Amino acid sequence: MCRVMVIVLCMIVVASGSLFAQTDTKPVAPAVPVAQTEPVGLMVETQMCTGVAERMPVDSVSDFPAGTEQVFLWCHVTGATDSTSITMVWSNEGEERATVEFPVKSPSWRTWGSKKLLPSWTGNWEVKILDSQGEILKAVDFTVGEAKEVPTGNQ
């Protein structure tokens, strides 16, 4: 009888030990969302300027005088996980004047575009910076000469 009790007791210990030893191999989602440490997608820092030296803007200008012959848009693109591109779409008074694609070859990439201006291209300008899928990453406004009044529609 004692031998039977020992065997039963051993079976209980072995069975309970194997129950505690089982682990769930499925990942468990955290109860609280984890903050992301890297930016999602491309981020763009920009600066309108009169030139670029050593891959940095030489100044910061948003209103250029009439007669300006060339303007520059400097960009620092971060967050690229693979080689990609950005596109600058330059528009004057709502009319597209140029579209230029630039490569982005690392997670931190500096580039710039420039636009030669005709004397008649004054007023309000906008440069849209697009990702490789054509989504707007940023829009930069500047003026050449006098800004033209934009109709408000409440007249």
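The values are calculated or read from the model by the stated rules, or taken from the named source; none is laboratory data. Note that the structure is predicted; figures quoted are calculated from it, not measured. When we count neighbours, we look across all protein chains shown, and the Cβ atoms used for this are built from the backbone with ideal geometry, even at glycine. Protein only, heavy atoms only, side chains kept; ligands, DNA and RNA dropped before computing areas. Shrake-Rupley method; radii C 1.70, N 1.55, O 1.52, S 1.80 Å.
For the range 36-50, the set of residues classified as surrounded by fewer than 16 Cβ atoms within 10 Å (Cβ to Cβ) and either within 16 Å of Asp63 (Cβ to Cβ) or modelled with pLDDT under 95 (or both) consists of Gln36, Thr37, Glu38, Pro39, Val40, Gly41, Thr50, listed by residue number. When Trp74, Trp109 are checked against the criterion of being in contact with a His (Cβ under 8 Å, 6 or more places away or on another chain), assigned to a strand (DSSP E or B), in contact (Cβ under 8 Å) with a residue 12 or more places away in the chain and not polar (S, T, N, Q), a single residue qualifies: Trp109. If you go through the range 112-140 and keep only what is assigned to a loop (DSSP other than H, G, I, E, B) and small (Gly, Ala, Ser), you end up with Ser120, Ser132, Gly134.
Residues are listed down the side, and each one gets a yes or a no for (1) under 17 Å from Gln133 (Cβ atoms); (2) not aromatic (Phe, Trp, Tyr):
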{"site": "Gly51", "(1), (2)": "no, yes"}
{"site": "Met56", "(1), (2)": "no, yes"}
{"site": "Val61", "(1), (2)": "no, yes"}
{"site": "Ala66", "(1), (2)": "no, yes"}
{"site": "Trp74", "(1), (2)": "no, no"}
{"site": "Ser85", "(1), (2)": "yes, yes"}
{"site": "Val104", "(1), (2)": "yes, yes"}
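Considering only residues that are open to solvent by 70 Å² or more (accessible area, probe 1.4 Å) and out of contact with any Gly (no Cβ under 8 Å at 6 or more places or on another chain), which ones fall in the range 51-71? Passing the criteria: Glu54, Arg55, Met56, Ser60, Asp63, Glu69. Of note, Thr78 does not satisfy the criterion of being at pLDDT 95 or above, surrounded by 10 or more Cβ atoms within 10 Å (Cβ to Cβ) and under 30 Å from Gly145 (Cβ atoms). Residues that are of a type in the set (Ser, Thr, Tyr) and closer than 19 Å to Gly67 by Cα were ranked within the range 82-127; the one that is most open to solvent (accessible area, probe 1.4 Å) is Ser120.
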